[in-house]
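The values are calculated or read from the model by the stated rules, or taken from the named source; none is laboratory data. None of the values given here were measured: they were computed from a predicted structure. FYI the Cβ positions are ideal-geometry reconstructions off the backbone, even for glycines, and counts take in every protein chain you see. Quick note on the areas: whole protein, heavy atoms, side chains included, nothing else; ligands and nucleic acids left out. Shrake-Rupley method; radii C 1.70, N 1.55, O 1.52, S 1.80 Å.
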Amino acid sequence: MNKLCIFCLLLMNFTAFSQQTKPALMPMPENINWQEGRFTVDTTFRVAITGKPNDRIYPNATRFLRRMTERTGLFIFEQGFVTPKDQNKQAPVLITVKRPGKLQLQEDESYQLTVGPKQVKISAETDLGAMRALETLAQMLSSDQQGYYFPAATITDAPRFAWRGLMLDAGRHFMPVDVVKRNLDGMAATKLNVLHWHLVDDQGFRVESKVYPKLQQLGSDGQYYTQVQIKDIVAYADDRGIRVVPEFDVPGHATAMIAAYPKLASDKNRKYGIERYFGIFDPTLDPTQDYTYQFLDSLFGEMATLFPDPYFHIGGDENNGKQWDQSADIQAYMKKNNIKNNRELQAAFNTRLLPILKKHGKIMMGWDEILQPGISKDIVIQSWRGKESLYQAAKDGYQGILSNGYYIDLVEPTDQLYLNDPIPAGADLTDAQKKKILGGEATMWSEHVTPETVDSRIWPRTAAIAERFWSLGSVNNVADMYDRMEQDQPVPGRSGANAHQEQRHVDASPGQRV
Ligand code: ACM
């Protein structure tokens with residue numbers, strides 16, 4: 001064997017060694033400095049919190065403790081809950097937070113995490129950053145013959161994009177509360193921070209309305225979230241540092257709304273019922289009558305109180321315009337108002353909706369169809385048909401997010417999702433235009449999934465997308481991504497998203513990674 005080969009073998013050995021001893025982190029932090037040594041996790045493990053966090057940090061830290069207990073089998077029970085009284089600066093894990101985090105776009109989520117032999121220290125501007133750090137730390141748990149430990153390291157980390165979302169379609173197949181919560185756990189574990197909740201489509205209107213109760217009575221087969229459940233899920237998400245943006249798709253994809261209130265329809269001479277199958281359907285709200293706007297004003301006003309986030313998604317996609325083309329009244333209205341085509345008519349509809357949303361304290365967001373010449377620059381564009389609309393929007397001064405290329409319902413290879421960058425190197429955009437691109441969202445449309453199968457469609461692939469949104473663009477080695485995903489598959493489960501990993505620990509003998 002020549003010297004070069006021996007060198008190769010040594011290098012392979014070294015690589016194997018370093019891969020074994022470095023935990024598989026996903027999303028990859030901005031900066032990691034691995035060091036010699038370890039922090040041993042044993043039954044004296046505790047968490048203390050100092051500074052001025054929002055109270056959401058305490059249940060979060062308590063869940064972290066419980067997850068450590070489950071994964072190690074150690075009886076770390078003396079600290080039942082982490083509370084504001086836990087301020088011991090010598091505690092095994094010491095978290096220091098400067099100020100309460102506001103759950104809003106562009107809030108500071110950065111953190112510093114130092115694992116030394118005596119103590120783990122987390123410091124962050126906000127509790128949201130500290131919570132992201134705890135997820136990183138959870139992924140660092142390792143074991144060998146000497147027991148459980150975190151390898152020594154200094155990590156500084158911050159997200160690349162402020163908007164890191166998962167869209168969940170509860171319209172086509174209703175997704176029960178448990179399913180939503182499990183996936184919020186998965187999102188927290190992968191540092192995603194927006195649940196875009198698609199609540200209305202041709203197959204169902206999924207929120208209880210007290211103002212228009214026929215929406216759930218006639219438009220949902222009894223499968224809808226009560227207002228109490230909506231508030232519960234929004235609070236559950238807030239606890240995990242996740243914003244909730246609801247989507248009420250109008251004027252197309254509106255069969256369920258029209259089935260409940262046929263007066264909304266552009267064609268009033270038909271009988272309506274909710275759709276049982278999937279596709280693009282004709283029923284479309286009538287944009288020419290005042291009733292439609294009065295209805296949406298009351299409905300959106302009611303819904304605005306359930307969803308504290310300022311962003312409110314009105315869909316706007318896939319209006320086939322057939323009912324508009326076939327209505328003599330609508331055609332006459334267009335002629336009278338010099339509206340030349342259906343795109344202009346939909347722009348007029350959106351323009352009337354804008355002050356209604358504004359009155360209810362909301363910022364309009366929609367799929368890229370809502371980008372029409374002259375529409376207010378305050379809206380946010382979600383690009384699904386191609387990146388061009390996102391870049392055009394950014395060039396025209398609109399904020400936007402990317403979903404084209406993140407359609408996880410299409411079951412595309414994970415590396416394809418992973419390498420899809422909202423702002424690839426060399427993108428033809430100025431720095432100011434790049435700032436308009438807030439991030440992106442994976443989209444879990446539910447034509448082909450049910451509550452039983454949805455988790456396995458979302459995870460673990462969405463962890464790769466989460467890394468694209470959180471980590472630097474230069475973190476793009478596909479083999480390394482697959483390797484880390486293999487080691488640390490986040491799958492929603494009983495105590496946070498790493499059920500797969502947590503289950504595997506049970507079978508692990510000393511020396512294996514957990
Ligand atoms: C969409 O996929 N129709 C937004």
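Checking the range 331-348 against the condition returns no match, with no residue being more than 16 Å from the ligand (Cβ to nearest atom), open to solvent by 20 Å² or more (accessible area, probe 1.4 Å) and in a strand (DSSP E or B).
Conditions (1) polar (S, T, N, Q); (2) surrounded by 22 or more Cβ atoms within 10 Å (Cβ to Cβ); (3) out of contact with any Phe, Trp or Tyr (no Cβ under 9 Å at 6 or more places or on another chain), marked per residue:
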site	(1), (2), (3)
D169	no, yes, no
F174	no, no, no
K181	no, no, no
A188	no, yes, yes
L199	no, yes, no
Q203	yes, yes, no
V207	no, yes, no
K214	no, no, no
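Let me confirm something: among V245, V250, which residue is within 16 Å of the ligand (Cβ to nearest atom), part of a loop (DSSP other than H, G, I, E, B) and hydrophobic (A, V, I, L, M, F, W, C)?
Unique residue meeting the criteria: V250.
Out of the residues in the range 372-392 that are under 22 Å from the mean Cα position of the chain (by Cα) and small (G, A, S), state the one that is nearest to the ligand (Cβ to nearest atom). Within the range 372-392, the match that is nearest to the ligand (Cβ to nearest atom) is S383.
Yes or no, residue by residue, for (1) in a loop (DSSP other than H, G, I, E, B); (2) more than 23 Å from the chain's Cα centre (by Cα):
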site: F45; (1), (2): yes, yes
site: I49; (1), (2): no, yes
site: A61; (1), (2): no, no
site: R67; (1), (2): no, no
site: R71; (1), (2): no, yes
site: I76; (1), (2): yes, yes
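Scanning the range 405-440 for residues that are assigned to a helix (DSSP H, G or I) and within 16 Å of the ligand (Cβ to nearest atom), we see that the one that is nearest to W470 (Cα to Cα) is L417. Cβ separations smaller than 6 Å between residues 6+ apart or across chains give the following pairs from the range 448-469 residues that are touching a residue at least 60 places away in the same chain (Cβ under 8 Å) to residues that are open to solvent by 20 Å² or more (accessible area, probe 1.4 Å) and in a helix (DSSP H, G or I): V449/R457. Note on the range 355-369: residues that are within 11 Å of the ligand (Cβ to nearest atom) and not in a strand (DSSP E or B) amount to 2. When restricted to residues that are more than 11 Å from the chain's Cα centre (by Cα) and farther than 25 Å from N404 by Cβ, the range 145-188 contains 21.
Taking the range 441-458 as the range and being within 15 Å of the ligand (Cβ to nearest atom) and buried (at least 20 other Cβ atoms within 10 Å of the Cβ) as the test, the residues that pass are E441, A442, T443, M444, W445, S446, V449.
Checked against (1) closer than 13 Å to F150 by Cβ; (2) buried (at least 21 other Cβ atoms within 10 Å of the Cβ), T40 passes all but condition (2).
Residue-by-condition table, conditions (1) modelled with pLDDT of 95 or more; (2) among the small types (G, A, S):
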site: A48; (1), (2): yes, yes
site: D55; (1), (2): yes, no
site: A61; (1), (2): yes, yes
site: F64; (1), (2): yes, no
site: G73; (1), (2): no, yes
site: P84; (1), (2): yes, no
site: G116; (1), (2): yes, yes
site: S123; (1), (2): yes, yes
site: E135; (1), (2): yes, no
